[in-house]
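Quick notes on the structure that follows.
The values are calculated or read from the model by the stated rules, or taken from the named source; none is laboratory data. Computed from a predicted model, the values in this text were never measured in an experiment. FYI the Cβ positions are ideal-geometry reconstructions off the backbone, even for glycines, and counts take in every protein chain you see.
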């Protein structure tokens, strides 16, 4: 380690202002602080600091995503071979999917981080870690066969217009990963919905419809079993299918305290309540499915665990998080059942509530202010 | 005992180096009064280098509140008037002559004195600045009448000194001080003890005061927490607060006529060989405390505790309001993949490190920041250690955008920078929150004056 440290210290002057590579200072710093936690000490205020930092926070989210990601890779292979009626062993399935998904991950990271590094340098700031998470989220919420150039375009759009124009990580209004997905969704709908896209290189005669797709057209014959939907043996976006492994990731986030249990819990609660309401209504077969099945279909669980809980774009007050999460759950199921064009509603629900999160916070904070004014008035009259 | 207030939100940071309950005379040669200890004070110096002073001799006064005098804690010679950048007055250093001569301000019978006479005596002797006001934590204004006065009888911060020990055997002086304070307010004097830890009869049997007890993690001992539960500050309200050893100093002024600042100071921290208490007048140099009494290596000397104290040199001086010196290691080292490894043995409030599995472990923490500064990303963290009905993140942002109205609405009068110390410690984004809050308070004070 010492030799590495010495090497870095030797190279450092070249990257400082006035050095040969001063244009790469942010990039250099990003790699330096990646390898070594810096030696800065406290200057003002408290003399000690918590060991946690943004890198730690983000890496835990990435770790929480790994189970769903690995399963997603396997499932890409499994679904592909299934469409041909084949049942190869686990590793064949996995590596088929691995070679499908890896390019998505690489493109997402290279394009996204490239832009992040550029903006950091322009602003003379350190590179933010936020994209470490967005960069892995994006490949997990797209179909396995998405053309790489479309993905690259979407990532660039999300990072520039979803994040950097607002001032970078921490300032953005919309969840960057969902911004990328929404871009693909509206720019290239042919590659983002329908029955063809959810299984990689599928045999044409095989139906590739997702449970949501089937449900929307009221096709409940040979609907996948609850077991298959919960554990994820269904077609879908790469990482969204296995509710079980997503919940394991969610457990990691909750134990470490990185994600808010308030948000996560209330998204599920909102979806369930809306499902119950539809049960009461019961105007068609879709409304009649058990309310909890909404929570294991499509991207609901993935959105609830990894997307809605994004602290930057969610409500920031604890009280606000309940409203925010609950409304996402309600909207997601509502859109699913009522929107004739798109079977899934989670993405739009979260993006919609991203917009309303500051408003929710505003009213929560406003009630606190009112209480304070009331107390002051009361003191005056006494 | 009227009621027990349980503080739920907060955090006790468990550190190595608690002071043993033994008391040693410090016998320091040098003493200093530091104008920077008094927030918002513009000092006008009254002495020159080489001048002879006694305990109670004026050294400087506040240019904008010229009835408030700051006096020497000991008798001796002014050896240095230390100035910093832009000739800012940093320290007036006095070398003691060992005779401990004190100016006589006269023994007085309280019953015959009105409020003016009492404040006059306190102002002239230099004991007045021990009284501070909320909001803003500045020295109290003698022209104000506070709606109540708060005395925290315990400290909940890391390695906190034991207030019971500090007042042990000084019951009369303490009570005399309380009697003086009773004349300064029309409202209550709140003496706030710890529900279990406070056992001293000096506190529990004090008269002329309302005693309430608190329990729970830090900041349960912070005066803002007590005020918020007992007599919340609304816009325009003024509350004073003072610490027990300073109440004793006030008491002595009236019973002996002398400005006698003798007190106990705790020497704490993981790098101290023999952490214990020292008896000394205010403003003493710490060099005798730490000489041959600290471990080797690069060290951080702090006047006060690790959350709110001031960095000093190893021959620096005790701050006016501090009753504790803490010595911890500096943390200017690089750590290979520090954020990515499991991180056994590291301290963290978040459960992203295994530390939460062993909550009773005591730590040797250093001054490393453990990461780079970032924009605010995480939410809901500060609320876990902030026991006020205030939205901390929103208030911090209101200060950053300098929105005076919003700061006021969000409750800036009710808090002090020290209440944000825990937020600052656990902040993932490594923001200097106490500094931001101090700026906000200064901004408000300027706006209101």
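I'd like to know if the stretch A:303-323 contains one or more residues that are out of contact with any strand residue (DSSP E or B) (no Cβ under 6 Å at 6 or more places or on another chain), closer than 23 Å to residue A:194 by Cβ, more than 14 Å from chain B (Cβ to nearest Cβ) and surrounded by fewer than 24 Cβ atoms within 10 Å (Cβ to Cβ).
no
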Residue under evaluation residue B:228, criteria (1) buried (at least 18 other Cβ atoms within 10 Å of the Cβ); (2) closer than 30 Å to residue B:124 by Cα; (3) assigned by TED's automatic domain parsing to the domain that holds residue B:95, criterion not met: (2)
Search result, residues across the stretch A:1-60 that are more than 11 Å from chain B (Cβ to nearest Cβ) and in a loop (DSSP other than H, G, I, E, B): A:16, A:17, A:18, A:19, A:20, A:21
Matching residues, the stretch A:161-171, being away from chain B (no Cβ under 12 Å) and exposed (fewer than 15 other Cβ atoms within 10 Å of the Cβ): A:165
Failed item, numbered, when residue B:265 is tested on (1) more than 14 Å from chain A (Cβ to nearest Cβ); (2) surrounded by fewer than 21 Cβ atoms within 10 Å (Cβ to Cβ); (3) within 15 Å of the chain's Cα centre (by Cα): (2)
Some residue of the stretch B:73-88 being within 30 Å of residue B:392 (Cα to Cα), part of a loop (DSSP other than H, G, I, E, B) and either in contact with a strand residue (DSSP E or B) (Cβ under 7 Å, 6 or more places away or on another chain) or modelled with pLDDT of 95 or more (or both): no
Pick from the stretch A:354-382, criterion in contact (Cβ under 8 Å) with a residue 40 or more places away in the chain and touching a helix residue (DSSP H, G or I) at 6+ places or on another chain (Cβ under 7 Å), ranking: farthest from the other protein chains (Cβ to nearest Cβ): A:360
Wholly enclosed strands (runs of 3 or more DSSP E) of the stretch B:1-71 bearing at least 1 residues within 26 Å of residue B:325 (Cβ to Cβ): B:23-25, B:30-33, B:43-45, B:58-62, B:69-71
Helices (runs of 4 or more DSSP H) fully within the stretch B:362-426 counting 1 or more residues that are more than 9 Å from chain A (Cβ to nearest Cβ) and surrounded by fewer than 22 Cβ atoms within 10 Å (Cβ to Cβ): B:392-400, B:404-409
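Looking at the stretch A:325-339, is at least one residue within 14 Å of another protein chain (Cβ to nearest Cβ) and buried (at least 16 other Cβ atoms within 10 Å of the Cβ)?
yes
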Selection status of residue A:300, at pLDDT 95 or above, away from every other protein chain (no Cβ under 14 Å) and in contact with a helix residue (DSSP H, G or I) (Cβ under 8 Å, 6 or more places away or on another chain): no
Selection count where residues are exposed (fewer than 13 other Cβ atoms within 10 Å of the Cβ) and more than 16 Å from residue B:406 (Cβ to Cβ), scope the stretch A:360-374: 1
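Checking the condition within 26 Å of the chain's Cα centre (by Cα) and within 19 Å of residue B:41 (Cβ to Cβ), which residue from B:159, B:123 passes? Reasoning before the result, please.
Values: B:159 fails: within 19 Å of residue B:41 (Cβ to Cβ).
Matching residue, one of B:159, B:123: B:123.
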Residue match in the stretch B:299-322 (condition: touching a helix residue (DSSP H, G or I) at 6+ places or on another chain (Cβ under 6 Å), within 14 Å of chain A (Cβ to nearest Cβ) and farther than 15 Å from residue B:28 by Cα): yes
Check on residue B:340, modelled with pLDDT under 90, facing another protein chain (nearest Cβ under 7 Å) and under 21 Å from residue B:422 (Cβ atoms): no
Wholly within the stretch A:193-293, helices (runs of 4 or more DSSP H) carrying at least 1 residues that are buried (at least 23 other Cβ atoms within 10 Å of the Cβ) and free of Cβ contacts under 8 Å to residues at least 40 places away in the same chain: none
Filter result for residue A:151 (in contact (Cβ under 8 Å) with a residue 12 or more places away in the chain, away from chain B (no Cβ under 14 Å) and assigned to a helix (DSSP H, G or I)): yes
First in the stretch B:424-443 and on the phi > 0 side of the Ramachandran plot, second anywhere and in a helix (DSSP H, G or I), Cβ under 9 Å, 6 or more apart: B:430/A:54; B:430/B:424
